[in-house]
Amino acid sequence: MIKIIDEKRINGILEKSSKLSADIGAVREILAKAGEMKGLDPEEAGVLLHLKDQELTGELFNIAARIKERIYGERLVFFAPLYISDFCINDCDYCNFHTRNKSMERKKLTMEEIEGQARFLINMGHKRLLLECGEDPVKNGIDYVVDAIDRIYSVKTEKGNIRRINVNIAATTVDDYKRLKAAGIGTYQLFQETYHRDTYEKIHNGPKADYDRQLTAHIRAFEAGLDDLGLGALFGLYDWRFEVLALVSHAIYMDGEFGVGPHTFSVPRFRPAPTVAYAPQYLVPDSDFLKIIAILRAAVPYTGMIISTREKPEIRKEAFRIGISQASACSVTSVGGYGKDSGDGQFKIYDERPLVEVIEGVLDDKLLPSFCTACYRSGRTGKAFMDLAKPGDIHNLCRPNALLTFAEYLEDFVKNNGDTPVYRKGYEVIGFYLNKIENKAARDRTAEKLNKIKEGRRDVYF
């Protein structure tokens, strides 16, 4: 049995660290180490889990913000989920797609419908999608998923195309992961939901109830050649402190075993849905949720962090500051729901703002919206990406590419749509961060490419 998560060790750390958190000197030593972007081991992260002192918590948040800025810069990458089928053979307590939902009229998109949804998202301004579907080997087999990916990549409109498809499908086989690799996906994301085995087995029914199948999926994916892999937990199913240490432990395992840590952490919180009667005993308040983000950013500094529209705008605003580097925007969580009455989705959404409104809020906070897909298409994945991210050098590419993709967005989706304040604010932010590129040659090349975009060129990147 592969030992990825040691529950006994994690529980021991939680017990011991609750006492150490009262030692202000020890806490500040851990924060100082975090500030050096060296990461934290589970014992060190465990101490931060128990922080109650507001001053120390504020220091944690500020250090997390500096780490995020040092590694990923000010940029914030946007994407949208695309649900293509809600057929599912699992009966998970927390999910509206569970088999007990007999009132749902299940839907699986045809290739033509998938193309229509892709066109809608392209014409909204998106360049990245996260492909989602339930687990059903008959209805949603790997052939269907790969065909959907091929169809989405084939769609071109006057407004552009989808340049990167990340995928969140059920744990599967090495052969299926090889098919995803051949289809040209970006990141393969799979969440453990909860790392606490007893809880996991109680709330899952169906093939997904196999804890070890879920936990070892990333090993099979890496064996298949997928080297951009995303981890996550659904916070609220079990004690968030345990889940944070498990995520850190999983990241350490991947980095040690593969030489490549997780490309992303996702931090969704449990949200209600129409047929979900599950009442979590471990709901995470906003203050602890933000602490989760800050601790993960400090403990595994190189990893991108994703937040969804499960969160309210005011929470997302603070999360963007202290660690989040990717965010969904203007999301729909029902199958084929873009551009129509979407019906019941997988879960309730709390940020329903249109993309341009989300972007305006980001600009007001002096952050840089990005639709970048350059690393994936330039071969900067897996170890090549980590070699740039771990020392904090990836921002030298993130900033220029964010500037270029955001300029595309302004020219194609804002300039002629009457959103003059957003256009003006956008180019003010572009000018500000262009001048922050320290290397003059790189700054000049970026300025040259920005001019080409204004002249009508598209998809230019470093």
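Summary of computed values
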read-out: The chain: calculated mean residue ellipticity at 222 nm from DSSP helix runs of at least 4, using -39500 (n - 2.57); value: -14500 deg cm²/dmol
read-out: Rounded to 5, the percent of DSSP beta bridges in the stretch 23-167 classed as antiparallel; value: 25
read-out: Set of lysines near Lys178 by C-alpha distance (under 21 Å), chain-local residues within fewer than 8 positions excluded; value: Lys139, Lys208, Lys383
read-out: Share, in percent, of DSSP beta bridges within the chain that are antiparallel, nearest 5; value: 10
read-out: Ranking of Glu158, Glu59 by count of other Cβ atoms within 10 Å, fewest first; value: Glu158, Glu59
read-out: 13 Å Cα-Cα reach of Lys449 towards aspartates and glutamates, excluding residues that sit fewer than 8 places from it in its own chain; value: Glu408, Asp459
read-out: Set Lys108/Lys156; Lys3/Lys291; Lys8/Lys317; Lys127/Lys291; Lys159/Lys425 screened for pairs whose C-alpha atoms are more than 32 Å apart; value: Lys8/Lys317
read-out: Mean-position separation - Cα centroids, the stretch 115-133 and the stretch 74-112, in angstrom; value: 15
read-out: Spin-label pair Lys348/Leu283, simplified geometry with 7 Å Cα→Cβ offset, distance in nm; value: 0.9
read-out: Cβ-derived FRET efficiency at R0 25 Å, Lys440 paired with Lys156, nearest 0.05; value: 0.10
read-out: Calculated FRET efficiency for the pair Lys383/Lys8, C-beta based, R₀ 30 Å, to 0.05; value: 0.40
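FYI, it's all coordinate maths here, none of it is from the lab. Bear in mind that the values here come from a model prediction, so they are computed numbers and not experimental data. Glycine gets a Cβ as well: all are built from the backbone with ideal geometry, and neighbour counts include every protein chain shown.
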